[in-house]
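Below you'll find the structure, written out as structure tokens, and then a few comments.
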Amino acid sequence: MITTIFFDIGNVLVGFDHRLIWQRLAVFSVMTADEIGHEIGASGIMLEHESGRLASQEFFRDIQRRCKLLPSMPYQTFCAFWQDIFWELPDVIQLVIPLQRRYRVGLLSNVGELHWQGVFKKFPVFHLIEEPLRILSFQVGAMKPDQAIFDRALRQANAAPEECIYVDDLEANVAGGSEAGLKTIHYRSPEQLKEELRQYGVTW
């Protein structure tokens with residue numbers, strides 16, 4: 001019997017575009033937006049932040065150095081640039097409340113502190129997720145598809161793997177969930193998601 005449904009955040013519940021960050025940072029840099037995006041991507045610094053190994057202030061200082069940002073750029077401006085890149089995907093977000101009437105609904109996401117603060121502030125739906133079921137990589141210190149983050153999700157939910165469904169748009173992460181024993185859905189569209197939920201016996 002299904003008791004718990006975990007959703008990834010990015011490209012499942014909300015859309016996002018990192019290029020908006022690069023374009024904004026370029027105003028404070030001698031580098032172009034493309035150069036900034038390449039530098040940040042190649043450095044692996046985002047993974048350090050999302051895994052919780054690099055706190056937000058250190059993350060800012062590292063990017064400031066790597067991307068030649070003006071020393072006068074305020075930290076709060078950087079945070080605003082980093083956070084204001086999301087938009088709601090309503091067809092999936094609107095499933096959360098009806099699903100919560102029958103199941104526990106959680107988050108299982110690779111996300112850094114700054115992005116989490118941004119979506120939590122902007123989208124009320126995230127306030128509806130009970131805190132123990134917010135499995136966020138920067139807090140857990142592990143990232144999908146590593147088994148450690150799925151093990152943490154199961155412990156936090158106090159649920160057996162076969163009682164849980166995990167929804168993600170990335171095939172590698174879905175494979176990690178399957179390896180951990182969870183029932184999984186590789187998200188491609190709202191219609192496909194609803195159909196596969198029904199196949200698992202989920203109703204709302």
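A short reminder: the numbers here are calculations on the coordinates, not readings from a lab. All of these numbers come straight from a predicted model, not from anything done at the bench. Ideal geometry is used to build each Cβ from the backbone, glycine not excepted, and the neighbour counts take in all protein chains shown.
Computed quantities for the displayed model
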read-out: Antiparallel bridges, percent of DSSP beta bridges restricted to the chain (to nearest 5); value: 20 percent
read-out: Mean separation of Cα contacts under 8 Å (6+ apart) over length of the chain, as relative contact order %; value: 28 percent
read-out: Cβ charges +1 (Lys, Arg) and -1 (Asp, Glu), total dipole of the range 18-83, debye; value: 140 debye
read-out: Residue order, fewest to most surrounding Cβ atoms within 10 angstrom, among CYS79, CYS164; value: CYS79, CYS164
read-out: Answer label, with Cα extents along the principal axes in Å calculated from the coordinates and candidates [x] 56, 30, 26; [y] 54, 38, 31; [z] 148, 56, 27; value: [x]
